[in-house]
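**Q** Structure below; questions to follow.
Every read-out reported here was derived from the displayed coordinates using simple, explicitly stated rules and does not represent laboratory data. Because the structure is a prediction, the values reported are computed rather than measured. Glycine gets a Cβ as well: all are built from the backbone with ideal geometry, and neighbour counts include every protein chain shown.
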2 protein chains.
Amino acid sequence: MGKLRIRHLLVAGGAGFVGSAFVRDRLRADPEILITVLDALRRPGAEADLDDVRDDRRFKLVRGDVCDRAVVHPLAAKVDASINFASEEFTGSGAADGPALARTDIEGTVVLLEAARKFQHQRFLLVSSGEVYGPLKSAANREEDRLAPKSLPASARAAAETLAGAYQASYGVPVVITRAATAYGPRQPVNQLVASLIASALNGQAVVIEGNGSATRDYLHVDDQVAAIARVLWKGEPGTAYNIGDGVQISGSELADTILDACGKPSSLKRLTRKGPGWSYGVDPRRMRPLGWDPLVRFPDGIRLTVDWYQKNQTWWRLRDVA
Amino acid sequence: MGKLRIRHLLVAGGAGFVGSAFVRDRLRADPEILITVLDALRRPGAEADLDDVRDDRRFKLVRGDVCDRAVVHPLAAKVDASINFASEEFTGSGAADGPALARTDIEGTVVLLEAARKFQHQRFLLVSSGEVYGPLKSAANREEDRLAPKSLPASARAAAETLAGAYQASYGVPVVITRAATAYGPRQPVNQLVASLIASALNGQAVVIEGNGSATRDYLHVDDQVAAIARVLWKGEPGTAYNIGDGVQISGSELADTILDACGKPSSLKRLTRKGPGWSYGVDPRRMRPLGWDPLVRFPDGIRLTVDWYQKNQTWWRLRDVA
């Protein structure tokens, strides 16, 4: 694709939910790719989740801290491009830890940017989130919109984007950024939004939606998300952010209904916590079209496929349920 | 002033140029204030620069890292408000160190925000910079303008602002922010913009201005800046940023001429490095008016007063010249 020659990729945070799906997809799609994953492996079960690719000679897993230059630089020296999935957002089970987010999400990004600059990487892809725009005001957010994050994890991602922009402006590091809709799919840890609801439904417990159920989000199957990330890495324009989503707004109430239906559970298990609509989020993905990407998995089908996976892999997620 | 009762202040980075001026001003202006300074004291001579207030029983200096919760929390537990001057921008003599900026400026801010939240500070003031807006497009920047920092230090400050906004939105921490014009005045280390030119002029060396000399900035005497910061701390509206500047744009060429004239040196010592206008910066300070603040020191007078100080205190700055 284009003039890039990316044969060896450094994937920071590549043992996480989306990161490991990206690694798996690339190894499957590209016979000549070499992938080095750097991951702190703090999420329970993270290491085991890469067992299926461990014997692939094109793949290497390094356990380490993304803020540690002594670890990052020798790895970065050998690759053509780097991509950063590393985030503190989902490593714990509780409330956001501000200083930990600042370290992993922001300082980690800067250490990787520094390495990308030093070793002249052809691309640096920062995986961000559609939540950096803050709650939806009217239409779905375009990339030019002002970033106005409300939550601490979204603020950390926005801050990492700001620093990446400075590395592009000051040193010409070829940065591309993805801002994705909420991901779901097989192997999502059950402390994350969609998987937690599926686990509750399969357990016959209440499926709890915050607010009155009318707030909407767009959801994207992890397979579609990682395909989009690959497109942006190989075909994206340096200095550009790309929204990734399917452009379909789903209310919290609809999400709960779809999950309960797919699990064969009664809709009476749906619980709405309180009055008020809550915050909606949505990104407009039209900038992805010229890159040749369109989402393939439609929302209700994706949920059904995902529920199937959780039904067949109960051991996987019950062992990893740290909540 | 108002309903605030701030008797004890934690001043992070209070041994720096602007921070120490703020501390000195408050001790002079407010007989009942208690001030605890937390500073890593990495700048050469930083500790000695607080010698004149060391014996004041209302003042305490703690050497420590602003990212270290074990240091910050016991200090934050005893105060009513906190203010963060700590930045990596001027601690070294060379190029910006991205990871160090991320740690000190961003993670440091978050650790302090976390403490301000835990110990219910009445105010958290983040000292930011007018450079967060990025280079001037047309009129001087207003606070509502989009932040588009180009340099690494300005990006770190913008990122710290983003996180402060999240602590306000998520946890109600009463954050106020100042975005100041370029500071100058007595005791400015000679690796910083204005002082470095004064030192060159006094040494009879070339006064070097980057670009063709036409790019402008607004400059503000440190006494005016710290008076404005105090106003914002006591009278500012939580959740609000305040531009601090005198609204007068000075070109690089004019800056060099003013300094050379004040030093009694020939204008032939002025050097312009290269073609092109370079970047201009400017903030519109009108939001400060209702807080009862106006700058008192006019630019050429301020430069003359400052040059006087550097002429009389040669030992001070020659000992601290790490460039």
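**Q** Distances from B:D56 to the same position in the other copies: list them in nm, one decimal, shortest first, using label points 7 Å from Cα along Cα→Cβ.
**A** Here B:D56 shows inter-copy label distances of 6.3 nm.
**Q** Please grab the % of Cα pairs in the range A:253-298 that end up more than 13 Å from each other.
**A** Above the 13 Å cut-off, the range A:253-298 has 72 percent of its Cα pairs.
**Q** Return, for the Cα atoms of the range B:1-70, the radius of gyration and Dmax in Å, separated by a comma.
**A** Rg, Dmax (Cα atoms, Å): 12.2, 40.
**Q** Related question: In cubic angstrom, how much convex hull volume per residue do the alpha carbon atoms of the range B:1-134 span?
**A** Spelled out: Cα convex hull of the range B:1-134, divided by residues, is 116 Å³.
**Q** Under 5 Å between amide hydrogens, which residues at least 5 positions from A:S129 or on another chain qualify, with H placed 1.01 Å from N in the peptide plane?
**A** A:A180
**Q** From a point 7 Å beyond the Cα of A:R146 in the direction of its Cβ, which residues of the range B:212-242 have a backbone N at a distance under 16 Å?
**A** B:239-242
**Q** To the nearest µm²/s, what D does Stokes-Einstein give for the protein assembly as shown at 37 °C and 0.692 mPa s, using the Kirkwood radius over alpha carbon pairs as Rh?
**A** Taking Rh from Cα pairs, D becomes 125 µm²/s.
**Q** Tell me, which longest segment in chain A has none of the GluC sites (Glu not before Pro) that fall in DSSP loops with at most 11 further Cβ atoms within 10 Å?
**A** Result, exposed sites excluded: A:145-323.
**Q** Which lysines have a Cα less than 27 Å from the Cα of B:K150, not counting those fewer than 8 places away in the same chain?
**A** Cross-link targets: A:K118, A:K150, A:K235, B:K137, B:K270, B:K275.
**Q** Please compute the contact order of the range B:205-323 in relative form: average sequence separation of alpha-carbon pairs under 8 Å and at least six residues apart, divided by the residue count, as a percent.
**A** 40 percent
**Q** On a straight-distance basis, which lysines could pair with B:K312 in a cross-link, Cα separation under 20 angstrom, same-chain partners fewer than 8 positions away excluded?
**A** B:K265
**Q** Give me the angle, in degrees from 0 to 90, between the Cα long axis of helix A:222-235 and the longest principal axis of the Cα atoms of chain A, rounded to the nearest 10.
**A** Its long axis makes an angle of about 30 degrees.
**Q** Amide H neighbours of B:L61 under 5 Å, counting only residues 5+ apart in sequence or on other chains, H built in-plane at 1.01 Å?
**A** The answer is B:V37.
**Q** Starting from the amide H of B:Y242, placed 1.01 Å from N in the peptide plane, find each other amide H under 5 Å away whose residue is 5 or more places distant or on another chain.
**A** The list, which skips near neighbours in sequence, is B:I177, B:T178, B:R179.
**Q** Another one. Rounded, prolate or oblate: which fits the range B:271-323, taking a ≥ b ≥ c as square roots of the Cα gyration tensor eigenvalues, rounded meaning a/c under 1.5, else prolate when a/b beats b/c?
**A** Verdict is oblate for the range B:271-323.
**Q** Sort B:I250, A:I177 by Cβ crowding within 10 Å, fewest neighbours at the top.
**A** Ascending Cβ contact count within 10 Å gives the list B:I250, A:I177.
**Q** Let me have the 222 nm mean residue ellipticity of chain A computed from DSSP H runs of 4+ only, each contributing -39500 (n - 2.57), with the sum over all residues rounded to the nearest 500. Don't skip to the end; give the middle numbers.
**A** Numbers: 10 runs with 111 residues, N = 323.
That calculation yields -10500 deg cm²/dmol at 222 nm.
**Q** Along the Cα-to-C-beta direction of B:Y171, a point sits 7 Å from the Cα; which residues of the range B:63-89 have their amide N less than 19 Å from that point?
**A** B:65-86
**Q** Which order do B:T109, B:T258 fall in if you start with the one that has the fewest other Cβ atoms within 10 Å?
**A** B:T258, B:T109
**Q** I'd like to know how the range B:137-225 sits against the 2.2 N^0.38 Å rule of thumb: what's its Cα Rg over that expected value?
**A** Scaled against compact globular proteins, the figure is 1.38.
**Q** Tally Lys and Arg at +1 and Asp and Glu at -1 over the other residues with C-beta under 15 Å from the C-beta of A:T258: what net charge comes out?
**A** Numbers: positive: A:R217, A:K265, A:K270, A:R298, A:R304; negative: A:D218, A:D246, A:E254, A:D257, A:D261, A:D301, A:D308.
Summing Lys/Arg as +1 and Asp/Glu as -1 gives -2.
**Q** If you line up the long axis of helix B:152-171 against the longest principal axis of chain B, both from Cα atoms, how many degrees apart are they, to the nearest 10?
**A** That works out to roughly 20 degrees.
**Q** Rounded to the nearest 20 Debye, what is the dipole magnitude of the protein assembly as shown about its Cα centre when Lys and Arg each give +1 and Asp and Glu each give -1 at the C-beta?
**A** Here the protein assembly as shown has a charge dipole of around 80 debye.
**Q** Any chance you could give the angle, 0 to 90 degrees and rounded to 10, that helix A:193-202 forms with the longest Cα principal axis of chain A?
**A** Between the helix axis and the principal axis of chain A, the angle is about 40 degrees.
**Q** Ordered shortest first, which distances in nm separate the 7 Å Cα→C-beta label point of A:R318 from those of the other copies?
**A** Spacings between copies for this position, smallest first, are 7.9 nm.
**Q** Something else now. Could I have the simple spin-label model distance between A:D56 and A:K312, label points 7 Å from Cα toward Cβ, reported in nm to one decimal?
**A** Calculated label separation equals 1.9 nm.
**Q** Starting from the eigenvalues of the Cα gyration tensor, five times each then square-rooted, give me the equivalent ellipsoid semi-axes of the range B:151-287, largest first, whole Å.
**A** 33, 16, 13
**Q** For A:P135, place a label point 7 Å from Cα along the Cα-to-Cβ direction in every copy; what are the distances to the other copies, in nm, shortest first?
**A** Result, one decimal in nm: 3.8.
**Q** Output wanted: per-residue J couplings in Hz (rounded whole) for the range A:281-298, from phi through Karplus 6.51 cos²θ - 1.76 cosθ + 1.60, θ = phi - 60°, x for Gly and Pro.
**A** 9, x, 10, 8, x, 5, 5, 7, 3, x, 7, x, 10, 9, x, 9, 9, 7
**Q** Ordered by residue, what ³J(HN,Hα) values in Hz, to whole numbers, does the range B:172-184 give under the Karplus form 6.51 cos²θ - 1.76 cosθ + 1.60, where θ = phi - 60° and Gly and Pro are x?
**A** Here the 3J(HN,Hα) series is x, 5, x, 8, 10, 10, 10, 10, 9, 5, 5, 8, 8 Hz.
**Q** Report ³J(HN,Hα) in whole Hz for each residue of the range B:301-313, in order, from the Karplus equation J = 6.51 cos²θ - 1.76 cosθ + 1.60 where θ = phi - 60°; Gly and Pro get x.
**A** 5, x, 5, 4, 4, 5, 4, 3, 4, 5, 5, 7, 10
**Q** Would you tell me which residue of chain A has the beta carbon closest to the rotation axis bringing chain A onto chain B, and how many whole Å away it is?
**A** Of all Cβ atoms in chain A, the one nearest the axis gives A:A159, 2.
**Q** Something else now. Under the rule a/c < 1.5 gives rounded, and otherwise a/b versus b/c splits prolate from oblate, where does the range A:67-143 land using the Cα gyration tensor?
**A** Oblate is the answer for the range A:67-143, as a/c is 1.5 or above yet b/c matches or exceeds a/b.
**Q** Now for a different question. Based only on Cα atoms, what mean projected area does the convex hull of the range A:183-259 have, in nm²?
**A** Result: 6.1 nm².
**Q** Now for a different question. In percent, what relative contact order does chain B have, based on Cα pairs under 8 Å that are 6 or more apart in sequence?
**A** 18 percent
**Q** Let me ask you something else. When only C-alpha pairs under 8 Å and at least 6 residues apart count, what is the relative contact order of the range A:67-181, in percent?
**A** Values: 170 pairs, mean separation 37.1, N = 115.
Relative contact order here is 32 percent.
**Q** Calculate the spin-label point distance for B:R274 paired with B:E47, positioning each point 7 Å from the Cα along the beta-carbon direction, and give it in nanometres.
**A** 4.1 nm
**Q** Shape of the range B:100-161 from its Cα gyration tensor (a ≥ b ≥ c, root eigenvalues): rounded if a/c is under 1.5, otherwise prolate when a/b > b/c, or oblate?
**A** Oblate, since a/c reaches 1.5 and b/c is not below a/b.
**Q** Could you work out the Kirkwood radius for chain A, taking every pair of different alpha carbons, averaging 1/r and inverting it, reported in Å?
**A** Numbers: mean 1/r = 0.0503 Å⁻¹.
Its Kirkwood hydrodynamic radius stands at 19.9 Å.
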